[in-house]
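This report concerns only the one structure given below.
The values are calculated or read from the model by the stated rules, or taken from the named source; none is laboratory data. All figures in this text were calculated on a predicted structure; none of them were measured in a lab. For neighbour counting, all protein chains shown are included, and Cβ atoms are generated from backbone atoms with ideal geometry for every residue, glycine included. Note: accessible area is taken over every heavy atom of the protein model, side chains too, but ligands, DNA and RNA are not part of it. Shrake-Rupley method; radii C 1.70, N 1.55, O 1.52, S 1.80 Å.
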Amino acid sequence: MMHGRGKEVWANGSSYEGEYEFGLKHGQGTLVFQDGSVYHGTFKHNKIEGHGKFMDKANGILYVGEFLDGKKHGFGYLENEI
């Protein structure tokens, strides 16, 4: 069971590097998705939750703001990165 900082890489090319608590992603971290999209920010009990930045690789859109249960929620803004 991971506790502290660590890194995971999955067979599909996705990866996570950041903080763990009792084996769950918890605290600050970076999650790189299979399609190249990247989330950098806060995790809570294995879910994207709190403040972070999500770069949608397919659309070239950056969202900076709040997340709840893995979804954009609350205050935030979008920027076109292309």
Carbon/sulfur fraction of accessible area - the chain, other protein chains in place, 1.4 Å, %: 55 percent
Neighbour-limited loop hits for GluC sites (Glu not before Pro), segment 1-56 (at most 10 other Cβ within 10 Å; DSSP other than H, G, I, E, B): none
Surface/4 estimate of mean projected area, convex hull on alpha-carbon atoms of segment 39-82, nm²: 2.8 nm²
Residue among G18, I61, M2 farthest towards the positive dipole end of the chain, charges placed on Cβ: M2
Accessible area (Å², per residue) of the chain, counting only protein heavy atoms and a probe of 1.4 Å: 65 Å²
Within segment 42-63, backbone nitrogen closer than 18 Å to the virtual label 7 Å beyond the Cα of R5 toward Cβ: 42-43
Pairs of lysines in the chain (C-alpha under 12 Å apart; 8 or more residues apart or interchain): 6
